[in-house]
Amino acid sequence: MGLHPSPVEWNLQCTPSEEENVTKLLQAVGDHFAVFFVGARWESKRWFPYQTALSASEINRRYGLPIVLLGGSEDVPFGQEVEGYHMVPITNWVGKSSLREAVEILSRASVAIGPDTGLMHLCDAVDTPVVSLWGATSPARTGPYKFENLAIRGKAECSPCYLKQCPIGRICMQSIEVDEVVAKVGAALARTGKSIAAYS
């Protein structure tokens, strides 16, 4: 078509007041932190609170990153369950931030982790490395634009099924190991050009 190639830019910006609100929220967290965005509209896409808590604990231990939880109001029970395991101090903002504030929080994060959902794509849009978790859907079809190599696919013969409800207990998502997630987080931090040792 004769079009000249140019970089893809999303140009998502918050208002000064929204940025100020997020700065206040992050005062106790610091400049380097990891975000777990929890929940998903499809039940079949969701990971599990216990695995989330385990991963958060190990990421905090290995990389020294404080943990922030994000999600919608429908994900509040999930966030409370993660928090309830008491494995690591967690800043739980599930259901407490607006979508625009969530975008600003993600833009300041060192890395983000979570399933195939809208916040995953927003990480991509604000250039925050995202470790994405896949089962019912496929990263080959709807993966993050710049972070395909950080995707983790669950193992099940029926994956991807594209069913909103799983009849067999989300075996594909159950198969995602904490060690896989932690290793991908290390790769994400290395990709930013920052030494992992700087976080410990």
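The values are calculated or read from the model by the stated rules, or taken from the named source; none is laboratory data. Values in this document were obtained by computation on a predicted structure and should not be read as measured data. No Cβ is skipped: glycine too gets one built from the backbone with ideal geometry, and neighbour counts run over all protein chains shown. Just so you know, the surface numbers come from the protein's heavy atoms only, side chains and all, with ligands and any DNA or RNA stripped out. Shrake-Rupley method; radii C 1.70, N 1.55, O 1.52, S 1.80 Å.
Values for this structure:
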item: Top of Thr91, Thr15, Thr117 by mean-square fluctuation, Gaussian network on the chain, Cα under 10 Å; result: Thr15
item: Normalised contact order of region 1-93, rounded percent, pairs of Cα under 8 Å and 6 or more residues apart; result: 28
item: Solvent accessible area, Å² - Lys155, 1.4 Å probe, full protein context; result: 120
item: Solvent-accessible area per residue for the chain (1.4 angstrom probe, square angstrom); result: 51
item: Average projected area [Cα convex hull, region 57-200], square nanometres; result: 8.6
item: Accessible area of the chain belonging to carbon and sulfur atoms, whole % at 1.4 Å probe; result: 52
item: Cβ-based charge dipole, region 156-196, positive-most Cα from Gln174, Val185, Pro160; result: Val185
item: Taking the chain and dividing mean pair separation by its residue count, relative contact order in percent (alpha carbons under 8 Å, at least six apart); result: 23
item: For region 100-171: rounded, prolate or oblate by the Cα gyration tensor [a/c cutoff 1.5]; result: prolate
item: Area of Asp179 that stays accessible when all protein chains are in place (1.4 Å probe, Å², to 10); result: 110
item: Rounded, prolate or oblate (a/c below 1.5 giving rounded, otherwise prolate when a/b exceeds b/c) for region 60-145 by Cα gyration tensor; result: rounded
item: Accessible surface of Glu83 - all protein chains present, 1.4 Å probe, nearest 10 Å²; result: 70
item: Whether region 17-116 is rounded, prolate or oblate, judged on the alpha carbon gyration tensor where a/c under 1.5 counts as rounded; result: oblate
item: Approximate spin-label separation Ala190-Leu99, in nm, with each point projected 7 Å along Cα-to-Cβ; result: 3.6
item: Top of Leu65, Leu163, Leu133 by mean-square fluctuation, Gaussian network on the chain, Cα under 10 Å; result: Leu163
